[in-house]
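Asker: Questions regarding the structure given below will be posed in turn.
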Amino acid sequence: MNLFINEKQFEFWKLRRARMPNISIATNFGISRQAVSKAIISMDRKVETALCEMAAANRINIIKSNPQLGVLFGRSVPFSVDAIIFVSGKHGLQVWYEHDGDCKSCDEYAKCIELLWDFSDELGIELHRVSDPTKMAEELFAKLKEMV
């Protein structure tokens, strides 16, 4: 689900999430710092709304969220497991449920690896485990919880 892919505001938001200062974003796009700030504030609200709507649609009780990073931590009511909802610039809005599985025999193995690597790159989080998506997710989301 790519809710924001064609919005200039989303580009500003992703750059800010990548730790680029507003003044640098403004300079790169030839606009004022104030225009960048207004766009990012608007995008934070859109991201927060999208995260909360996705949580409601998936019956996930919200524990904490951070729209500036584009993440929401919660607990799935129907599955009784922790869940994270996150915004990826490449993959859009995603839901990941805590689980143990036989990843190597799963048809989604390559997609999960790609998703986790891409999202960790977007956030500048270095991962060490590469062969098991479940373990990669545990490492990524543990580091992300420290950031939130």
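Asker: Would you mind finding the one in L127, L116 that is in contact (Cβ under 8 Å) with a residue 12 or more places away in the chain and touching an Asp or Glu at 6+ places or on another chain (Cβ under 6 Å)?
Answerer: It is L127.
Asker: Determine if region 61-70 includes at least one residue that is in contact (Cβ under 8 Å) with a residue 24 or more places away in the chain, on the phi < 0 side of the Ramachandran plot and over 11 Å from the mean Cα position of the chain (by Cα).
Answerer: Checked against the condition, which is being in contact (Cβ under 8 Å) with a residue 24 or more places away in the chain, on the phi < 0 side of the Ramachandran plot and over 11 Å from the mean Cα position of the chain (by Cα), region 61-70 yields at least one hit.
Asker: Would you please name the residue that is nearest to L123 (Cα to Cα), looking only at residues in region 12-27 that are assigned to a helix (DSSP H, G or I) and in contact (Cβ under 8 Å) with a residue 60 or more places away in the chain?
Answerer: Start the filter on region 12-27 by keeping residues that are assigned to a helix (DSSP H, G or I), which leaves 12-17, 22-27.
Imposing the further condition that a residue be in contact (Cβ under 8 Å) with a residue 60 or more places away in the chain reduces the set to 14, 17.
Details: K14: 9, R17: 7 Å.
Among them, the one singled out is R17.
Asker: On to the next question. Based on what the data block shows, is D100 at pLDDT below 90 and not β-branched (V, I, T)?
Answerer: So D100 passes the test.
Asker: So, one more: Looking at (1) in contact with a His (Cβ under 9 Å, 6 or more places away or on another chain); (2) of a type outside the set (K, R); (3) modelled with pLDDT of 95 or more; (4) surrounded by 15 or more Cβ atoms within 10 Å (Cβ to Cβ), which one does E139 not meet, given that it meets all the others?
Answerer: All conditions pass for E139, except number (3).
Asker: Only one of M54, M43 is of a type in the set (A, V, I, L, M, F, W, C), buried (at least 19 other Cβ atoms within 10 Å of the Cβ), within 25 Å of K143 (Cα to Cα) and in contact with an Asp or Glu (Cβ under 9 Å, 6 or more places away or on another chain); which?
Answerer: M43
Asker: Pick out the one residue from I85, I63, I125, I113 that is over 25 Å from A39 (Cα atoms) and either charged (D, E, K, R) or modelled with pLDDT of 95 or more (or both). Before the answer, list the steps.
Answerer: Numbers: I85 fails: over 25 Å from A39 (Cα atoms); I125 fails: either charged (D, E, K, R) or modelled with pLDDT of 95 or more (or both); I113 fails: either charged (D, E, K, R) or modelled with pLDDT of 95 or more (or both).
Of the residues listed, the single one that is over 25 Å from A39 (Cα atoms) and either charged (D, E, K, R) or modelled with pLDDT of 95 or more (or both) is I63.
Asker: Please enumerate the residues belonging to region 88-112 that are of a type outside the set (K, R) and under 15 Å from L123 (Cβ atoms). Even if it seems obvious, please write down each step before you answer.
Answerer: Just the residues of region 88-112 that are of a type outside the set (K, R), to begin with: 88-89, 91-103, 105-110, 112.
Within region 88-112, S88, G89, H91, Q94, W96 meet the criteria.
Asker: Let me ask something additional. State all residues of region 98-113 that are exposed (fewer than 14 other Cβ atoms within 10 Å of the Cβ) and not polar (S, T, N, Q); if no residue qualifies, say none.
Answerer: Result: H99, D100, G101, D102, K104, C106, D107, E108, A110, K111.
Asker: Right, F79: closer than 20 Å to L140 by Cα, surrounded by 13 or more Cβ atoms within 10 Å (Cβ to Cβ) and modelled with pLDDT of 95 or more or not? Walk me through it before giving the result.
Answerer: Values: closer than 20 Å to L140 by Cα: no; surrounded by 13 or more Cβ atoms within 10 Å (Cβ to Cβ): yes; modelled with pLDDT of 95 or more: yes.
Answer is no for this residue.
Asker: Going through region 67-86 one residue at a time, which ones are polar (S, T, N, Q) and out of contact with any strand residue (DSSP E or B) (no Cβ under 7 Å at 6 or more places or on another chain)?
Answerer: Taking region 67-86 first, the residues polar (S, T, N, Q) are 68, 76, 80.
Scanning region 67-86 gives Q68, S80.
The values are calculated or read from the model by the stated rules, or taken from the named source; none is laboratory data. No experiment lies behind these values; they were computed from the predicted model shown. Virtual Cβ from ideal backbone geometry, glycine too; neighbours counted across all protein chains shown.
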